[in-house]
Every structure is written in C-alpha cells, then in structure tokens.
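Let me begin by presenting the structure, written as structure tokens, before commenting on it.
The values are calculated or read from the model by the stated rules, or taken from the named source; none is laboratory data. Small disclaimer: the values here were computed from a predicted structure and weren't measured. Counting neighbours? That spans all protein chains shown, and the Cβs are built from the backbone with ideal geometry, glycine included. For accessibility, only protein heavy atoms count, side chains too; no ligands or nucleic acids. Shrake-Rupley method; radii C 1.70, N 1.55, O 1.52, S 1.80 Å.
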Amino acid sequence: MTLVREIVKNKYLYLLALPGLLFLIVFAYVPMAGHLIAFKRYRLADGIWGSQWVGFDNFKFFFMSSDWYKVTFNTIFLNGLFIVCGLGIALILAIFLNEIQQIVFKKIAQSFIFMPYFISWLVVSMMVFAFLNTTDGILNRTLEANGMDTQNWYLMPRVWPAILTVIYVWKFAGYYSIIFLAAITGISGEYYESARIDGATRFQQIIHITIPLIRNVLIVLALLGVGRIFYGDFGMIYGIVGDTAPLYPTTDVIDTYSYRALRQLGDFSKSSAVILYQSVMGLVTIVIFNYIAKKIDKDSGLF
C-alpha cells in the first residue's frame, strides 16, 4: 500500500519516467531470457524453449581451454588501464581547464578536448593504421628519417596495451573532463577564498579543496567503469586490431573471443556461455566494489 500511495502522490513524476522504464524493460530485462541458450544445444528451428537442455556442457568449450584465463586477464588488465589512466588524465584536464581565466580560450580548449569523443571507432582505426602501418606509416617514416630502424607494430603484442590506452584516453578523457569540470564549478568560491586568506597556494587548494570535494563524482565514475571491467570495448579493439592473430596474446578480450567463436563455429550456445560468464563476473565485481566504496564513504555507492 505504501508503494501505491507513493505512485499516486508522485504520479506525474512516474509518468515522466515511464518511457525510460519501458525502454529498460524491453531492451535490458526481457532479452535476459536469452541466457537460457547457454544451457541448451540451441537449434534455430527449435527455438530457445524447444532446444535440448545440456546443462553446463557449453561452458566446457571455454573453461577447458587455456584461452579463458588469457582473455579474462586481458579484459581486466586493459579495462584497468583505461579506468585509471582515463579518469586520471580527465581529472587533470578538468583542473587545468578550470584554471583558465580567458573565457574564449577556455571554450575553444573544451571543444578541442571533447571533439575526439564524437569520432567513430572506424575512423579511429583508419587513423591508427595510417600512423602505425609498416610500409608508409607516419611513425615508421619518422623513425626512418631520424636514422632509426622501422618496426612492424602489428607483430609486437607487448606494446599494444600502451597503444590502446593512449587511444582510449585520447578519445574519452575529454568527455570525462567535462563531467569533472561541472563538479568543480559547483564548488563554492568561499572555500578558495578562505584558503587564500590562510596563504594556501593554488596547488594546495587543488589538493585540499578541489579533489576532496569532487571525490564522490570520481568514485561514481570509477564504479561505473568497474561495473564494466569484464566488458572489453568490442568496437574499439576489433576495429583497431581486427583479426591480427599475432596481437591476440595482449589484445584478445572476452568480447572478441566470443565473437570469433560465434563466427567461426557458428555455435550460439557456446558463444552465449562465454557471454553469461562475462555478465555474472561483471555483476559480482560491481557488487564487491560498491560494498568497498560504501565502507569508505557511505554516500559514494551506486546502490
């Protein structure tokens, strides 16, 4: 009855939320029934409900090979680099932007920093290839012009975590910096005025006022990133790396692995088993890190 009274009291607010709720139910919760495919020998003719139940047999495809450890590690490692470097650089950019006094220059700088966010991964992949390709890539031409040996970057898996991290930061740091900048501009100027009276430098103000007061925003963004730490950015990694097998040791993630499993084997069940493993681990991770965040600061959790 309490729920009914709440809905009646705020019926217009719930009415405004209705389209979003319907979208979430139709495109997020209803498709979860498809996870049943992971436990069946799925045949298109039989459908989800008519296909034979095989229990955990489909998971053997993934866990009985050495690939599961490699792709899981790569997914966590790359996403960890993306979260730490992406949010760290974004925070620094936001602080620098906040220190700019010239309004026109500040707006221009924001636009240039934010622009890469709107560039598709297809275009980015072409830019990366133009920069790194063996024959006439910009980087190899620069090395050759300076008397150094050229490199076949697409045969050097050890350098690609760093390359992908740089690309990710270039594309997303501007987006996150705008979020941080909005939080910084919401800080009352009285804090800084009091600090200046006490003789605090700009750096001390940033360390002791700015960063602590936007800590909640940083924690929430980090939690959102951690919640997807088992989800590799398929558009990014497959668009840039593609089917370059020599780079698989450091760039093959769960998403690209399951895609190749579906494309090469044509087996929906085995691919779905990998995706279900990914989803469950993502859920466990976000619950654990949300619990840790609430222990540190009870107002910083997502739920």
Calculated FRET efficiency for the pair Tyr191/Ile108, C-beta based, R₀ 22 Å, to 0.05: 0.20
Stretchable slack from Val159 to Lys11, in nm (0.36 nm times residue separation minus alpha-carbon distance): 47.7 nm
Accessible surface, 1.4 Å probe, highest first, among residues Asp149, Asp255, Asp67: Asp149, Asp67, Asp255
Low-density loop positions, trypsin sites (Lys or Arg not before Pro), segment 32-73 - DSSP coil, at most 14 other Cβ in 10 Å: Arg43
Per residue accessible area of segment 61-300, 1.4 Å probe, in Å²: 55 Å²
Qualifying chymotrypsin sites (Phe, Trp or Tyr not before Pro) in segment 16-82, DSSP loop, other Cβ atoms within 10 Å at most 12: Phe56
For Lys40, distant residues with modelled amide H under 5 Å away: Val54
Fraction of accessible area attributable to carbon and sulfur, segment 43-149 (%, probe 1.4 Å): 70 percent
MRE, 222 nm, helices only [DSSP H, n ≥ 4, -39500 (n - 2.57), over the chain, to nearest 500]: -21000 deg cm²/dmol
Coil-residue chymotrypsin sites (Phe, Trp or Tyr not before Pro) of segment 113-174, DSSP, other Cβ within 10 Å capped at 10: none
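At a 1.4 Å probe radius, which order do Val8, Val123 fall into by accessible area, largest first? Write out the running numbers ahead of the final one.
On the way: Val8 90, Val123 65 Å².
Largest accessible area first, the list is Val8, Val123.
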Which of His35, His208 is most accessible, then next, and so on - probe 1.4 Å: His208, His35
Distance (nanometres) between label positions extended 7 Å along Cα→Cβ at Phe96 and Lys295: 3.6 nm
For segment 172-188, 3J(HN,Hα) per residue [Karplus equation, 6.51 cos²θ - 1.76 cosθ + 1.60, θ = phi - 60°, Hz, x = Gly/Pro]: 10, 4, x, 4, 5, 5, 5, 5, 5, 5, 4, 5, 5, 5, x, 6, 4
Met148 versus Phe73: modelled label distance in nm, points set 7 Å from Cα along the beta carbon direction: 2.9 nm
Inter-site label distance for Trp49 and Leu139 at 7 Å from Cα along Cβ, in nm: 5.3 nm
Selected from Leu132, Gln110, Gly242, residue furthest toward positive end of dipole (segment 61-300; charges at beta carbon): Gln110
Calculated from backbone phi, Karplus (6.51, -1.76, 1.60) coupling profile of segment 98-103 in Hz, x at Gly/Pro: 5, 7, 6, 8, 6, 4
Distance between segment 136-172 and segment 194-251 - C-alpha centres, whole angstrom: 23 Å
For segment 1-55, accessible area per residue (1.4 Å probe, heavy atoms of protein chains only), Å²: 84 Å²
